[in-house]
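The values are calculated or read from the model by the stated rules, or taken from the named source; none is laboratory data. Source: prediction; values computed, not measured. In this analysis, Cβ positions are derived from the backbone assuming ideal geometry, glycine residues included, and neighbour counts consider all displayed protein chains.
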Amino acid sequence: MSDKMTSKSVAEAQIVELRSKINYHMHRYHVLDNPEIEDYEYDALLKQLNELEAKYPELITAQSPTQRVGAPPAAGFQKVTHFTPMRSLGNVFSGAELVAFHQRVQSGLETTADIEYVVEHKIDGLAINIVYEHGTLVRAATRGDGATGEDVTANIKTIKSIPLELKANKFGIPTFLEVRGEVYMPHKEFIRLNEEREEMDEQLFANPRNAAAGSLRQLDPKEAAKRSLDALLYGIGAHEGVALTTHSETLEFLQALGFKVNTLYKKFTDVDAAVEYCASWADKRHELPFAIDGMVLKVNHLADQEMLGSTAKDPRWAIAYKFPPEQTTTVVENISISIGRTGVLTPTADLTPVLLSGSTISRATLHNEDYINEKDIRIGDTVVIHKAGEIIPEVISVLLEKRTGQEIPFVMPHTCPECGSTAKRIETEAAYRCSNPSCPALIREGVIHFVSRDAMNVDGLGPAVVTSLLEAKLIQTVADLYRLTKEELLTLERMAEKSVNNLLASIETSKNAGLARVLFGLGIRFVGIKAATTLAKHFGSMDALKICTVETLLELDDIGDKIAQSIIIYFAQTENLALIDALQQVGVKLTQDKPEILHEQIFAGMTFVLTGTLPTMSRKQAADIIEAFGGKVAGSVSKKTTYVLAGEEAGSKLEKAEKLGVTVLDEDQFKTMVP
């Protein structure tokens, strides 16, 4: 055997081992939420696999972890016929209707005995059908009309909680299997995505379901992969090579195969207890990391399901208990205009305050002129509002029967309400934009953005203080923040010596925030946090970025043509270059350090949450120490949190830590842990 063949054999064995390790750790992270290794260790395994496959491309398979985002953009989605129909569920809206469903089940089974049911959450996502042959994912399709859906295989492969190869288990690997479930967008990702779309002047998604559907139907899998979709599986269709007797056993089977299953399901033989459990989740639904719009009641025994059968539209053995919509009515007292830092005029409904989903709502965004016209929203109208995705207050509709004739149609202003300059609607956009680059609103919002948490993170410099600084002419640009003196700040209303000292200290600390935060803070159009981080890591300095070309930018992940063109335009403007020079002169760091990896990873596998004010260090300094020693810093407390590092005026995070039994450290205790 030649040396070449020997090398290939060794590489093949290494590839098999690496794929097995990567799939194991991917399952622990994305399905079990219980990772065993750090991200950098996982990335190192994936990098090693990529290098071996690049050297031996003939060894690449469609099931390799490297191929999850390997398909080229599709020209369109092909139609796919499901092996067994994906029927929709019938709906009920009350406990009495659930009891009536139970009575129909008893009648269909010709019994008066108790029936065993499984009750699950009804996830508000997009139904999906995935086909596996001999344990390998071969195709995935949307529900469509129940008989025929769209082939979204390439996009489904980007969802890391969905296995490309099924796991060996006590049930065995079926020779053929249709798996049914729901693709959804977690609340956290929905908020992030809408913030990113707002940053890029793109239309916001109305709710997580809308966002999940739009993401799954991206023609380019690389775009779908950026959306951090997830999936919960709850059933099977056609199958060969496996015998199951109950639905609860089916859920165990799916979990054993490596799928993510909602483990909060419960079994009931008392229908009244099942009704009570369904109703209890109406108020608790916000505790879940994903959206639900009801509960699903299923007859547990599969033989009973077969006996009950289905109608042309839905099964007789399952029913959806839909929650009453969390909506309420209120009055549009006025429609006001706010100016964003990019100059966009955004209409907002000023509402008569009303309680909705546990909070008082007094304002709701109206997005743009087209949205107002489409819904015919007028000042004085009585409207129905809800929280889109349980998060964003939104006007659903107008109660036309409540109109008195005194309502005033809204006309979008053609001048900026802040500076009086012309406001123009660009043909390709839905928004009006102020034409004055020196508009006070743009400057104010730009400064507020620059000092925000995700940018330079200057504590104590909220919108009111920024407005006071501008009105007092103490600042004109963000660079002027670094020239402020104690004497100047003390002249402002409600600024005492302690708050001034804290503010100046925070401003000084922000000088070392690094290039990524500066780039995001500058508010370059379309450049969000992710793009800013990519640019900072690649170029390393503002000087290198200033002289880059469109071609260089387009080679980077997360940088598309729109972002690249915007960056080039930004650095072509003399006032922007002058601002960057001014920031450099006042000592703001315009480079990005490479993260230092310490050999002694004492915090590896640990997650910290920081809260309150520490005596001698900032939370950023503490976070840097934690990350340097291999730990993670999270924003919220959960059962997976290892430690909460708490200072003075610690709030709800400390309370939650104590409730969950998470160990709480003070600064002195934390310091004793660090070598």
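Cβ-Cβ below 6 Å, separation at least six or inter-chain, first residue in the stretch 427-438 and part of a loop (DSSP other than H, G, I, E, B), second among the acidic types (Asp, Glu): which pairs?
Final answer for the pair search is 430/370.
Only one of (1) in contact (Cβ under 8 Å) with a residue 12 or more places away in the chain; (2) assigned to a helix (DSSP H, G or I) fails for residue 298. Which number is that?
(2)
Go through (1) outside the structural domain of residue 579 (by TED's automatic domain parsing); (2) in contact with a His (Cβ under 9 Å, 6 or more places away or on another chain); (3) buried (at least 19 other Cβ atoms within 10 Å of the Cβ) one by one and return the number of the condition residue 430 breaks.
Evaluating residue 430 over (1) outside the structural domain of residue 579 (by TED's automatic domain parsing); (2) in contact with a His (Cβ under 9 Å, 6 or more places away or on another chain); (3) buried (at least 19 other Cβ atoms within 10 Å of the Cβ) leaves (3) as the failure.
Looking at 443, 507, 448, which is the one that is of a type in the set (Val, Ile, Thr) and closer than 20 Å to residue 196 by Cβ?
Sole residue among the options that is of a type in the set (Val, Ile, Thr) and closer than 20 Å to residue 196 by Cβ: 448.
When residue 475 is evaluated against the numbered criteria (1) under 30 Å from residue 423 (Cβ atoms); (2) touching a Phe, Trp or Tyr at 6+ places or on another chain (Cβ under 7 Å), which criterion, by number, is the only one it fails?
In the conditions (1) under 30 Å from residue 423 (Cβ atoms); (2) touching a Phe, Trp or Tyr at 6+ places or on another chain (Cβ under 7 Å), residue 475 misses (2) alone.
Could you list all residues from the stretch 127-142 that are in a strand (DSSP E or B) and either under 20 Å from residue 251 (Cβ atoms) or among the hydrophobic types (A, V, I, L, M, F, W, C) (or both)?
127, 128, 129, 130, 131, 132, 137, 138, 140, 141
Within the stretch 257-264, identify whether any single residue is buried (at least 16 other Cβ atoms within 10 Å of the Cβ) and part of a strand (DSSP E or B), and answer yes or no. Spell out how you get there, then give the answer.
As a first pass, look at the stretch 257-264 and keep what is buried (at least 16 other Cβ atoms within 10 Å of the Cβ): 257-262.
Of the ones still in play, those that are also part of a strand (DSSP E or B) are none.
The answer is no; no qualifying residue exists.
Being in the same structural domain as residue 111 (by TED's automatic domain parsing) and touching a residue at least 60 places away in the same chain (Cβ under 8 Å): is that true of residue 269 here? Can you show your working first?
Numbers: in the same structural domain as residue 111 (by TED's automatic domain parsing): yes; touching a residue at least 60 places away in the same chain (Cβ under 8 Å): yes.
Taking the combined requirement at face value, the residue satisfies it.
Within the stretch 95-107, is even one residue touching a Gly at 6+ places or on another chain (Cβ under 9 Å) and closer than 23 Å to residue 84 by Cα?
Among the residues of the stretch 95-107, not one is touching a Gly at 6+ places or on another chain (Cβ under 9 Å) and closer than 23 Å to residue 84 by Cα, which makes the answer no.
Can you pull out every residue in the stretch 100-130 that is surrounded by fewer than 17 Cβ atoms within 10 Å (Cβ to Cβ) and in contact with a Leu (Cβ under 7 Å, 6 or more places away or on another chain)?
Passing the criteria: only 108.
Quickly run through the stretch 508-529 and pick out the residues that are surrounded by fewer than 17 Cβ atoms within 10 Å (Cβ to Cβ) and assigned to a helix (DSSP H, G or I).
Within the stretch 508-529, 508, 509 qualify.
Quick grid of which residues meet (1) in a helix (DSSP H, G or I); (2) at pLDDT 90 or above; (3) aliphatic (A, V, I, L, M); (4) closer than 30 Å to residue 396 by Cβ:
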{"position": "144", "(1), (2), (3), (4)": "no, no, no, yes"}
{"position": "155", "(1), (2), (3), (4)": "yes, yes, no, yes"}
{"position": "173", "(1), (2), (3), (4)": "no, yes, yes, no"}
{"position": "182", "(1), (2), (3), (4)": "no, yes, no, yes"}
{"position": "189", "(1), (2), (3), (4)": "yes, no, no, yes"}
{"position": "206", "(1), (2), (3), (4)": "no, no, yes, yes"}
{"position": "219", "(1), (2), (3), (4)": "no, no, yes, no"}
{"position": "223", "(1), (2), (3), (4)": "yes, no, no, yes"}
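Give the residues of the stretch 337-368 that are in contact with a strand residue (DSSP E or B) (Cβ under 7 Å, 6 or more places away or on another chain) and charged (D, E, K, R), sorted by residue number.
Of everything in the stretch 337-368, those that are in contact with a strand residue (DSSP E or B) (Cβ under 7 Å, 6 or more places away or on another chain) and charged (D, E, K, R) turn out to be 350, 363.
Check whether at least one residue in the stretch 75-95 is within 24 Å of residue 248 (Cα to Cα), hydrophobic (A, V, I, L, M, F, W, C) and crowded, with 19+ Cβ neighbours inside 10 Å, and report yes or no.
Yes, some residue in the stretch 75-95 is within 24 Å of residue 248 (Cα to Cα), hydrophobic (A, V, I, L, M, F, W, C) and crowded, with 19+ Cβ neighbours inside 10 Å.
Identify the single condition in (1) closer than 23 Å to residue 502 by Cβ; (2) in contact (Cβ under 8 Å) with a residue 60 or more places away in the chain; (3) within 29 Å of the chain's Cα centre (by Cα); (4) exposed (fewer than 14 other Cβ atoms within 10 Å of the Cβ) that residue 593 does not satisfy, given that it satisfies every other one.
(1)
Looking only at residues that are farther than 17 Å from residue 87 by Cα and small (Gly, Ala, Ser) in the stretch 131-165, which one is surrounded by the most Cβ atoms within 10 Å (Cβ to Cβ)?
Restricting to residues being farther than 17 Å from residue 87 by Cα and small (Gly, Ala, Ser), the top hit is 154.
Return a yes/no flag: does the stretch 565-576 have any residue that is part of a loop (DSSP other than H, G, I, E, B) and either of a type outside the set (Val, Ile, Thr) or within 24 Å of the chain's Cα centre (by Cα) (or both). Reasoning before the result, please.
Restricting attention to the stretch 565-576, the residues satisfying the condition of being part of a loop (DSSP other than H, G, I, E, B) are 572-573.
Right, trim to either of a type outside the set (Val, Ile, Thr) or within 24 Å of the chain's Cα centre (by Cα) (or both) and you get 572-573.
So far as the stretch 565-576 goes, yes, one or more of its residues are part of a loop (DSSP other than H, G, I, E, B) and either of a type outside the set (Val, Ile, Thr) or within 24 Å of the chain's Cα centre (by Cα) (or both).
Kindly indicate the residue of the stretch 44-82 that is among the charged types (D, E, K, R) and modelled with pLDDT of 80 or more and also nearest to residue 133 (Cα to Cα) among those meeting that condition.
Step by step, filter the stretch 44-82, then rank; the result is 79.
Considering the stretch 74-126 alone, what residues qualify as being of a type in the set (Lys, Arg) and not in a helix (DSSP H, G or I)?
Listed by number, the residues that qualify are 79, 87, 122.
Every residue, every condition in (1) exposed (fewer than 13 other Cβ atoms within 10 Å of the Cβ); (2) outside the structural domain of residue 533 (by TED's automatic domain parsing), yes or no:
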{"site": "552", "(1), (2)": "no, no"}
{"site": "556", "(1), (2)": "no, no"}
{"site": "561", "(1), (2)": "yes, no"}
{"site": "564", "(1), (2)": "no, no"}
{"site": "571", "(1), (2)": "no, no"}
{"site": "580", "(1), (2)": "no, no"}
{"site": "619", "(1), (2)": "no, yes"}
{"site": "622", "(1), (2)": "no, yes"}
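Does any residue of the stretch 413-429 turn out to be within 27 Å of residue 464 (Cα to Cα) and within 30 Å of the chain's Cα centre (by Cα)?
no
Answer yes if at least one residue in the stretch 225-237 is assigned to a helix (DSSP H, G or I) and either buried (at least 20 other Cβ atoms within 10 Å of the Cβ) or hydrophobic (A, V, I, L, M, F, W, C) (or both), and no otherwise.
Yes, the stretch 225-237 contains a residue that is assigned to a helix (DSSP H, G or I) and either buried (at least 20 other Cβ atoms within 10 Å of the Cβ) or hydrophobic (A, V, I, L, M, F, W, C) (or both).
Between a first residue in the stretch 533-550 that is among the charged types (D, E, K, R) and a second residue that is not in a loop (DSSP other than H, G, I, E, B), which pairs have beta carbons less than 8 Å apart while being 6 or more apart in sequence or on different chains?
Close Cβ pairs (under 8 Å, with a partner that is not in a loop (DSSP other than H, G, I, E, B)) amount to 537/516; 546/571; 546/577; 546/580.
May I ask you to list the residues in the stretch 377-402 that are charged (D, E, K, R), touching a residue at least 24 places away in the same chain (Cβ under 8 Å) and farther than 17 Å from residue 351 by Cβ?
390
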